[in-house]
Each structure stands twice: as structure tokens, then as C-alpha cells.
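Here's the structure, in C-alpha cells; my notes come after.
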Amino acid sequence: MSFARLLALLVLLLATLPGWALAQSGNQSLTVHFFDVGQGDAALVISPTGKTVLIDGGPPESRMHLERRLRDLVQGPLDLVILTHPHLDHLGGISNALRTVGARRFMDPGFDHPSEAYRDLLNVVGDEVGQVMKPLPDPSDPSSLLTIGLGDGAALTVLWPRVPEDPFLKGTRSDANSNSIVAKLTYGKTAFLFTGDAEPDTEATLLRKNIDFTSTVLKVAHHGGRHSSTAAFLAAVKPQAAVISVGAKNDYGHPTAQVLERLRAEKAQVFRTDLDGEVVATSDGNVVSVRGERRSGASVLVAGEVTSNAVALGPITRGTRKASTPRGRSAPATSSDTNTPTQRGASEGRYISLKGSKVFHKASCKTLKRSKSERTEYASRGEAMRERRPAEDCHP
């Protein structure tokens with residue numbers, strides 16, 4: 001047994017003594033709320049300095065519950081909203097959240113998905129959010145990963161996707177799932193890995209890269225579906241606790257016996273929102289305390305075993321799998337400074353569409369300069385999105 005695991009057991013024993021509690025003051029702890037949103041995903045990160053990141057928004061039927069929990073926990077607009085991929089069980093509550101508590105920034109993979117719900121969300125983002133981020137590496141250092149500082153040493157690093165350095169995966173069981181945003185949240189010697197609905201192709205692509213995946217807590221991919229959470233990937237992550245966001249008596253049989261067995265093989269403590277309700281994990285940088293809303297008994301304490309703030313062990317090489325470039329809509333570009341995404345709207349100017357075209361462009365787009373066709377000008381990106389899709393040449 002490692003020293004870190006012995007330490008965790010000692011902390012657990014001490015926690016049962018009267019008057020002793022894990023140090024978790026407001027300015028020293030990082031907390032992640034895995035909301036009980038039924039068959040879907042939604043998690044809120046609150047950093048040691050109070051920065052807030054919402055990762056996914058659950059299905060439409062959970063939007064009122066999500067709104068209530070955000071009102072309980074968040075003062076002022078969210079600092080960042082991340083949509084891991086454009087499926088309804090992950091985006092259904094985001095529009096409501098944006099309209100009620102607000103958000104300063106929004107990020108999604110930029111992977112085109114022909115659904116009305118996704119288009120409607122993009123309209124709301126265009127109207128309600130001032131800054132949009134895309135998980136791009138620094139163009140001056142293509143081997144880098146996008147890292148967002150959350151204060152007091154906490155950081156969120158996007159491991160996948162990395163378009164255009166690594167094009168989107170193509171020809172998988174589900175391309176939308178396979179191109180989910182995968183991100184590692186680090187704080188001291190503890191880490192959380194968020195996987196969206198990543199597929200085996202995603203996991204295999206990531207494992208070919210020189211990345212430290214070790215994480216104290218894993219948000220299990222695809223609600224515990226049997227195709228994800230491969231044995232090789234779990235062996236690389238080495239989770240001590242695993243959270244499965246899943247609906248009670250769902251039609252998909254999630255979580256599957258195969259995934260539960262693979263998690264048991266890694267000796268991970270499993271929490272399920274269908275059984276435990278909302279799951280809350282709090283880190284002081286050394287130990288993570290995990291508790292379920294409906295689980296009786298003391299919180300489960302697990303010691304951090306990751307190298308402090310470790311993510312990349314070396315250059316991030318290109319993938320080798322057949323891939324495709326993004327189609328249709330792509331998220332607006334960001335600046336090379338990963339902590340200061342490009343301001344959209346006023347700073348990018350007007351949005352213009354040519355007569356008979358199904359797309360719109362930035363006013364500075366070279367396509368517009370070459371055309372003498374009649375054009376329509378939009379006052380905002382949200383207004384343009386209601387009638388047309390973004391052009392592929394300038395990614396407005």
C-alpha cells in the first residue's frame with residue numbers, strides 16, 4: 001500500500017473523532033458538484049478563489065432543477081460554461097442557465113451537429129455570452145494544451161479536441177461523442193478528469209499522447225456505457241473515486257456491468273447520481289472528500305496521488321487516426337493567451353450574408369470582398385444565427 005493511501009486511511013480515522021474536521025475554508029478548497037440531472041451530465045466547479053465553471057447542463061427536463069442549484073451556489077454570472085458535445089442530454093439546461101444566472105464565457109468543441117436544440121442554444125449563446133472560447137492550442141506553440149487558470153493554483157486543461165492541430169475524429173461509433181471535450185482539473189496533488197461522452201476512439205487517441213492522465217476523481221464517460229471507460233484508459237487514469245451521472249431506471253441499461261467491473265478492478269469508489277443523488281467532491285489540495293446526497297455515513301476521503309498540477313509530460317504529438325475537418329459551424333477563435341479569450345461581437349464587427357447564401361461571414365471576410373452580390377447585414381451574431389449558419393472560411 002502506498003504512503004498516500006495510508007495517509008487517506010489515517011485522515012478517514014481522524015475524521016471520526018469528535019471536534020476534528022477536514023480543513024475546507026472558503027478560500028482553501030476546490031469543490032465540484034455533480035448534479036443529479038437524471039440521464040445526462042451537469043457539473044459545477046467552484047475554485048478556491050470562487051471562479052465558477054459549469055460543465056454541461058443536463059437534459060431539458062432537468063433545467064429547472066439545474067437553475068435552482070445554480071442560484072443556490074453561484075453569485076453573479078458563471079465564469080465559464082463548457083458544453084462537452086452537442087447532444088441534448090448535455091445541453092438541455094444550458095440556455096435556461098445562461099438566461100437566469102448568466103455567463104462570461106462559453107466553450108464547446110466546435111463540432112457541427114444538425115439538431116434544432118443545438119442551433120437554438122447557439123442563438124442564446126450569441127445573444128447572452130460576450131466571449132466564446134475554442135479548445136485551441138497556442139498557435140505559437142502547437143504542441144501545447146489550452147489551460148485556464150482558476151486561481152490559487154487550480155487549473156483546467158483541455159486534453160481533447162485540439163483542432164486544427166489534431167482534426168476531429170471521423171468514422172467512429174458516434175463522432176459527436178468521440179469529439180467530446182475531455183478536460184483535467186488540477187489542484188495541488190489532486191485532480192478531476194471530465195470526459196463527456198468520450199468513446200473508445202477518443203481514449204485510444206489520447207493514450208497515444210504523452211499526457212499524465214492520473215486523476216483522483218473520474219467523471220465516468222457516457223453515463224457508464226459499456227463502450228467507454230476501457231481497461232487501458234482506466235489504468236492510465238488510476239481513479240480513486242468515480243462519479244457516474246445517470247438516470248434511475250434509464251432505457252439504456254447505464255451503468256453497465258462491464259464498466260462497473262472495470263472500475264472495481266481499479267479499486268475506485270463508485271458514486272452514482274441515480275442512487276446517491278447529487279455528489280459533492282471537495283479538495284484541499286491534498287485530500288478529496290466525496291459524499292453523496294442520499295448516501296448514509298461519513299464522506300469518502302481519498303488522498304491525492306498526482307504530481308502537483310501535472311498534465312502534459314512532454315510534447316503533445318498529432319494523432320494518427322483518420323480524421324475530418326469541422327463542418328458547418330465552428331466556434332469563434334480565441335487569442336493565443338489562453339486566459340484571455342477573444343471578445344466577440346463589438347470587437348469582431350458586423351456579420352454579413354450574401355443574397356441566396358445559407359451562411360454568414362465576418363465583415364472582414366475575403367469572400368465578401370470578392371463578391372458583388374446583394375448582402376444582408378446583422379446587428380449581432382445571435383441575429384445572424386437565427387437565419388443562417390456560420391461560414392467555414394472565416395468562422396464568424
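The values are calculated or read from the model by the stated rules, or taken from the named source; none is laboratory data. Note that the coordinates shown come from a computational prediction; the quantities given were computed from them, not determined experimentally. Counting neighbours? That spans all protein chains shown, and the Cβs are built from the backbone with ideal geometry, glycine included. Heavy atoms of the whole protein, side chains included, go into the accessibility calculation; ligands, DNA and RNA do not. Shrake-Rupley method; radii C 1.70, N 1.55, O 1.52, S 1.80 Å.
Quick notes
- Over 28 Å between alpha carbons, listed pairs 134/209; 134/366; 51/267; 184/366; 134/267: 51/267; 184/366; 134/267
- Computed E for residue 370/residue 138 - FRET, C-beta separation, R0 51 angstrom, nearest 0.05: 0.95
- Neighbourhood net charge (11 Å Cβ-Cβ; Lys/Arg +1, Asp/Glu -1) for residue 199: -3
- Peptide ranges 294-302, 107-115 listed from the most packed, as the mean C-beta count within 10 angstrom indicates: 107-115, 294-302
- With a Förster radius of 22 Å applied to the beta-carbon distance between residue 235 and residue 310, the computed FRET efficiency rounds to 0.85.
- Subtracting the Cα-Cα distance of residue 266 and residue 363 from their residue separation scaled by 0.36 nm leaves 29.6 nm.
- Accessible area of region 217-287 belonging to carbon and sulfur atoms, whole % at 1.4 Å probe: 50
- Virtual spin-label span in nm between residue 208 and residue 127, 7 Å along Cα→Cβ: 4.3
- Inter-part distance where region 130-160 and region 71-87 are each reduced to a Cα centre, Å: 17
- Contour excess over end-to-end distance, with Cα ends at residue 249 and residue 170 and 0.36 nm allotted per residue: 25.3 nm
- Prolate/oblate/rounded label for region 37-171 (Cα gyration tensor, a/c 1.5): oblate
- Region 178-207 versus region 352-371: alpha-carbon centroid distance in Å: 37
- A simple packing score, the average count of other Cβ atoms within 10 Å per residue, orders the peptides 256-269, 179-192, 199-212, 155-168 as 179-192, 155-168, 199-212, 256-269, with the highest score first.
- The simple spin-label model puts a point 7 Å past each Cα toward its Cβ; for residue 104 and residue 257 those points are separated by 4.9 nm.
- Region 90-121 versus region 27-52: alpha-carbon centroid distance in Å: 18
- A simple count of charges around residue 273, restricted to other residues whose Cβ falls under 10 Å of its Cβ and scoring Lys, Arg +1 and Asp, Glu -1, yields -4.
- Its Cα centre serving as origin, region 87-157 has a Cβ charge dipole (Lys and Arg +1, Asp and Glu -1) of approximately 140 debye.
- Karplus 3J(HN,Hα) series, Hz, for region 181-191 with 6.51 cos²θ - 1.76 cosθ + 1.60 (x for Gly, Pro): 5, 10, 9, 10, 9, 10, 8, x, 9, 10, 8
- Computed from backbone phi, the HN-Hα couplings of region 28-45 come to 10, 10, 10, 10, 10, 9, 8, 6, 8, 10, x, 7, x, 10, 6, 9, 10, 9 Hz, rounded to whole numbers (Karplus: 6.51 cos²θ - 1.76 cosθ + 1.60, θ = phi - 60°; Gly and Pro given as x).
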